[in-house]
Amino acid sequence: MAGFAKDLCLLGATDQDLAKHFEVSLATINNWKKKHIAFRLAIKAGKFVADAQVAGALFQRAKGWSCEETDIRVIDKKVVVTKYTKHYPPDTGAAIYILNNRQKELWRSHQVFEHAGKIATDQLSDAQLDARAKAVAAELARLEANAGVLPGKSREGENLPAESTGGFE
């Protein structure tokens, strides 16, 4: 039974799927995992291999890849076999997903801005409020323009002096 459970997990089965297949409850599957080490390890091994294969496929898709293909056609009543290399371009969505999960601080999808001070707007004139609004808008535009720049690098990828990086290099 442990080997069959592993095979099911290699195909992507969850504990709930195992329970349905063996016609038992999820609690029974959990009890079997506690009582039978071979069953628990088989499930763990199957899931690990399946997850690793999916992760590898996602990584390949993020990088792009090439593979050898064969084209078979009939031209002038003759079969023509042509081997060629097919190129699959990198998938931006897969790359973003991986980077968002592996390097959250550098690649997260949103930025969080906090305001720690207090602005007493009732004491400011309309002109002063307009000036502050323009300054905030300019700072926001500057931050958005530099959103894709890594710490310690200029927009062109050149290293910045240490004092301008805030200690990040």
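Any read-out appearing in this document is the output of simple, stated calculations on the displayed coordinates, not a laboratory observation. Here the structure is a predicted model, which means the values were calculated and not measured. Positions of Cβ are generated from backbone atoms using ideal geometry, with glycine treated the same way; all protein chains shown enter the neighbour counts.
What does the charge add up to near Ala95, with Lys and Arg as +1, Asp and Glu as -1, over the other residues with Cβ less than 13 Å from its Cβ?
Numbers: positive: Arg61, Lys63, Arg102; negative: Asp91.
Here the charged neighbours net out to +2.
Taking a virtual spin label 7 Å from the Cα of Asn100 along the C-beta vector, which residues in region 45-66 bring their backbone nitrogen under 20 Å of it?
What the label zone holds, given the 20 Å backbone N cut-off, is 54-64.
Using the beta-carbon distance between Gln60 and Thr82 and R0 = 30 Å, what value does 1/(1 + (r/R0)^6) give for FRET efficiency, to the nearest 0.05? Intermediate values should be presented prior to the final figure.
Details: r = 25 Å, r/R0 = 0.83.
Computed FRET efficiency for Gln60 and Thr82 comes out at 0.75.
Counting other C-beta atoms within 10 Å, which of Lys44, Lys104 has the fewest, and how do the rest follow?
Working: Lys44 13, Lys104 10.
Least crowded to most crowded, the residues run Lys104, Lys44.
List the GluC sites (Glu not before Pro) in region 1-101 that DSSP assigns to loop (not H, G, I, E or B) and whose Cβ has at most 15 other Cβ atoms within 10 Å. Which are they?
Those satisfying the criteria are Glu23.
Provide the gained length on full extension for the span Arg40 to Thr28, in nm with one decimal, where the gain is 0.36 nm per separating residue minus the Cα-Cα distance.
Details: separation 12, 0.36 × 12 = 4.32 nm, distance 1.24 nm.
Working it through step by step, the gained length comes to 3.1 nm.
What size of dipole, in debye to the nearest 20, comes out for region 2-63 about its Cα centre when the only charges are +1 on Lys and Arg C-beta atoms and -1 on Asp and Glu C-beta atoms? Let's see the in-between values first.
Working: 10 positive and 5 negative charges, 50 e Å.
About 240 debye.
In terms of Cα to Cα distance under 30 Å, which lysines are near enough to Lys78, apart from those fewer than 8 places away along the same chain?
Cross-link targets: Lys86.
Among the listed pairs Lys34/Lys63; Lys63/Lys83; Lys44/Lys83, give every one whose C-alpha distance is greater than 29 Å. Provide the component values of the computation, followed by the final result.
Numbers: Lys34/Lys63 40 Å; Lys63/Lys83 23 Å; Lys44/Lys83 41 Å.
Result: Lys34/Lys63; Lys44/Lys83 exceed 29 Å.
Check the straight Cα-Cα distances from Lys134 and name the lysines below 26 Å, setting aside those fewer than 8 residues away within the same chain.
Counting by Cα, and skipping residues close in sequence, Lys134 has these lysines nearby: Lys118.
Net charge near Lys33: determine it from the other residues with C-beta under 10 Å of the C-beta of Lys33, scoring Lys and Arg +1 and Asp and Glu -1. Before the final figure, lay out the partial values.
Numbers: positive: Lys34, Lys35, Arg40, Lys44; negative: Asp15.
Net local charge, Lys33 excluded: +3.
Of Gly56, Gly93, Asn30, which is farthest on the positive side of the dipole of region 25-93, counting Cα position, with +1 on Lys and Arg Cβ, -1 on Asp and Glu Cβ, and the Cα centre as origin?
Asn30
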